[in-house]
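Worksheet: the structure to be examined is printed underneath.
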Ligand code: PMP
C-alpha cells in the first residue's frame, strides 16, 4: 500500500473510538525518537504513554525478547511454571518498596492487574466495596471503568459498570477556589475547607461502612487525572485509616512505577507500606505485561485455579522484563531521571515565572511532570499542536488544561535540551 494511503486506510478500518494524537503513521522507533512512514523523525515525550520508558527498542530488551522468542513463546501459566516468569520475580524482589511484598501474579494490561487487586482484596477481606480517588484512572474494563474518575468519557453510555465503588476527594490544593483558606495552595489540614482525610472518614460513616469496605485504591501520583503527586500527610493518614478499619491499601503504580518518578516506585517517596501494589507499563518496556504483588498470606487466600489467564505472564514479555530490571542496574537509570528532572523542572518553572498569565501550575516527580495552564483558553492543545509542528510528540491530560511530559527515563542531556527548547518555543508562540 502506498505510504500516502496508509493513514486513510486506518481511518476507514480502525475503530473510531480509539482517539489519535498524530495523523501520520509510525514506522519505527529508536531511543527517544519515532520515525514516521514519511521519514519524519519526532522526539517522543510520550513513550507510548509511559511504557517504552527505556526508549524505543532498547537493545538489551530487544535482544532478550528475541532470544526468548526462539526458545519458547507460550506454554501457559496454569500448565507449569516457566523459567522467565520465575526469573522475573527474582529480578523484581530486590526492587520492591517493602519487603512484605514478596508474592506475585502477572497479567497482560494495567486494567487487568487493577482488577486482580480488587479480586484479591475482596476475597481476602470477604468485603465487597472499593474506595477510589476522584480524578483517578484505573482502566477501561467494566471493573476499572467504574473505578476511573478522571473523565466522564471513559464510562459514558457504558453502564451498568461494576457496583460497589465509592469515590473520595484526592487532595488537589492548586485547584481549590477557596485558596485563601490554606493560604499558599499547600495542604494545611487545619484550614482546609474540604479536608480530604475528613471526607474519607465521612464516606466511611455515610456511604460505605468499614465492615463493607475491602480496599482503598490510590495512584501515588494521579496520572491521567493531571500528574498530581499525593500529599505525603494524606497518604500516611489513609494508611492509618486502613489499619484502623481492616481495609487494604492498594497502590496503582501502573504509570508511576519503574523509575518514572525518580525512585523505582513512587510510593518510596512517601514511606508508606501498601498491601497490594499494581504494576504494568514500564515493567517490560512495551511488551504486554502487568502484575500485582502482595504478601504471601494475603495472596494465598485465593484458591488454586481461581487465578490465571491464557496469556498471563507471557514468557517473551517476562524475558523483556528481566532485561528492563537489569538495565536499571547497568545504566544508572534513576540517576539520569533525577538529573534530567531538575533540568526540566527548572525550565518549566521559568516558563511559569515568564508567562504568569498563561502557566498556572508546574508539578510532578522525576520525569512524571506537568504544566497546567490557566483554564478556558485551550492553551494545552495549542502548545501541543505547536510542538507537533516542531517534530515533537507530547500528551495532554486531565479535565484541567494540562500538558504532561513522559520522556524516556534514559533521555540524553542533548535530547532533553532539545525538547525543552521546543516546548519553550511553543509556549512563546502561543503566548504571542
Ligand atoms: N492504572 C493507571 C494508573 C494507568 O495510568 C493506566 C493506563 N493509563 C491503567 C491503570 C490501565 O492500564 P491499561 O491501559 O494497560 O489497561
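Per-structure values
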{"read-out": "Single residue of region 310-329 satisfying the filter (out of contact with any strand residue (DSSP E or B) (no Cβ under 6 Å at 6 or more places or on another chain) and outside any helix (DSSP H, G or I)) that is surrounded by the most Cβ atoms within 10 Å (Cβ to Cβ)", "value": "314"}
{"read-out": "Residues satisfying the stated conditions in region 273-309, i.e. buried (at least 22 other Cβ atoms within 10 Å of the Cβ) and part of a loop (DSSP other than H, G, I, E, B)", "value": "274, 275, 280, 286, 289"}
{"read-out": "Qualifying strands (runs of 3 or more DSSP E) (wholly inside region 348-432; at least 2 residues being without any contact (Cβ under 8 Å) to a residue 60 or more places away in the chain)", "value": "368-373"}
{"read-out": "Residue list for region 334-346, filter: in contact with a helix residue (DSSP H, G or I) (Cβ under 7 Å, 6 or more places away or on another chain) and surrounded by 20 or more Cβ atoms within 10 Å (Cβ to Cβ)", "value": "340, 344"}
{"read-out": "Restricting region 228-253 to residues that are part of a helix (DSSP H, G or I) and more than 24 Å from residue 211 (Cβ to Cβ), the residue that is nearest to the ligand (Cβ to nearest atom)", "value": "232"}
{"read-out": "Any hit, region 386-402, residues being surrounded by 14 or more Cβ atoms within 10 Å (Cβ to Cβ) and closer than 30 Å to residue 87 by Cβ", "value": "no"}
{"read-out": "Check on residue 387, in the same structural domain as residue 217 (by TED's automatic domain parsing) and within 27 Å of residue 262 (Cβ to Cβ)", "value": "no"}
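The values are calculated or read from the model by the stated rules, or taken from the named source; none is laboratory data. Note that this is a predicted model, so its numbers are computed, not measured. Backbone-built Cβ (ideal geometry, glycine too); neighbour counts: all protein chains shown.
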